[in-house]
Amino acid sequence: MTAMLAIFRRELAAYFATPVAVVFIVIFLVMSGTLTFTLGGFFARGTADLQPFFSFVPWLFLFLVPAITMRLWAEERRLGTIELLLTLPVAQWQAVLGKFLAAWAFCAIALALTFPLVITVNVLGNPDNGVIAAGYLGCLLVAGAYLAVGSAVSALTRNQVIAFVLAVAVCFLFAAAGSPIVTEFLSLRVPMLAEIARGLSISDRLGGFSRGVVGLRDIVFFAAFIGFWLFANGVAVDHRKAD
């Protein structure tokens, strides 16, 4: 655990040692606020909740999270430091998990900085803060799911641009899997695939959290999803560390 925490601290500090942290956080806060109050119709709805915010988070993370993960392993491989990292007294799973948790903590910080939205909705009305807390938990799990995908993709290439594009593409598939367009198309042709698509939809899973329902099935889904992609990350690192 000491080795994993050392990697965690190293990676988290690396975000704030470069403009990446400031750029990501500023873009996320500006975009989330703008979409919530304009396209989300925060005031026009006349309801004291953060549903507009939660509905846009998966799509914001779709582009911003891969921008974080694209450097996790691709940069290590490009610079040739991955060999040095893995020759240290650090187990491979510790390196994978340490990098992932650092990126997840960074996303948690970005989410926490949206607290003015919570203050605003409490000033304007009498919301159920338990529902809001559940929504934030769902957003954090969505970020973790995208981070796990992005980390695995980053381990496959030394080019950060390719890692970003591939991560966006894969995350988009899981974000849009439960959309009406996709499910209706599949229902007319392969009904079984339509059910599978709904089950794998990250956006649909977040919908339950944003309504205040913290379901065991959704928790298990995110845990299994993140675990699978972290396992794939470890396999990719193991097979390509010598490239």
- Task: Tell me which of these THR69 doesn't satisfy, since it passes every other one: (1) over 24 Å from VAL23 (Cβ atoms); (2) crowded, with 22+ Cβ neighbours inside 10 Å; (3) not hydrophobic (A, V, I, L, M, F, W, C).
- Result: (1)
- Message: Out of the residues in the range 26-60 meeting the condition of being of a type in the set (A, V, I, L, M, F, W, C) and farther than 14 Å from THR114 by Cα, tell me which one is modelled with the highest pLDDT.
- Response: TRP59
- When you go through ILE226, ILE181 one by one, which is the residue that is surrounded by fewer than 19 Cβ atoms within 10 Å (Cβ to Cβ), out of contact with any Asp or Glu (no Cβ under 7 Å at 6 or more places or on another chain) and β-branched (Val, Ile, Thr)? ILE181
- Of the residues in the range 5-36, those that are outside any helix (DSSP H, G or I) and in contact (Cβ under 8 Å) with a residue 12 or more places away in the chain number 0
- Task: Kindly indicate which of PHE231, PHE209 is of a type outside the set (Val, Ile, Thr), touching a residue at least 60 places away in the same chain (Cβ under 8 Å) and either surrounded by 16 or more Cβ atoms within 10 Å (Cβ to Cβ) or assigned to a helix (DSSP H, G or I) (or both).
- Result: PHE209
- Message: Every residue in the range 98-124 that is small (Gly, Ala, Ser) and within 16 Å of ILE27 (Cα to Cα), please.
- Response: ALA108, ALA110, ALA112
- So is LEU39 assigned to a helix (DSSP H, G or I) and either touching a Pro at 6+ places or on another chain (Cβ under 9 Å) or not β-branched (Val, Ile, Thr) (or both) or not? no
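The values are calculated or read from the model by the stated rules, or taken from the named source; none is laboratory data. Predicted model only: the values in this text are computed from it and were never measured. Virtual Cβ from ideal backbone geometry, glycine too; neighbours counted across all protein chains shown.
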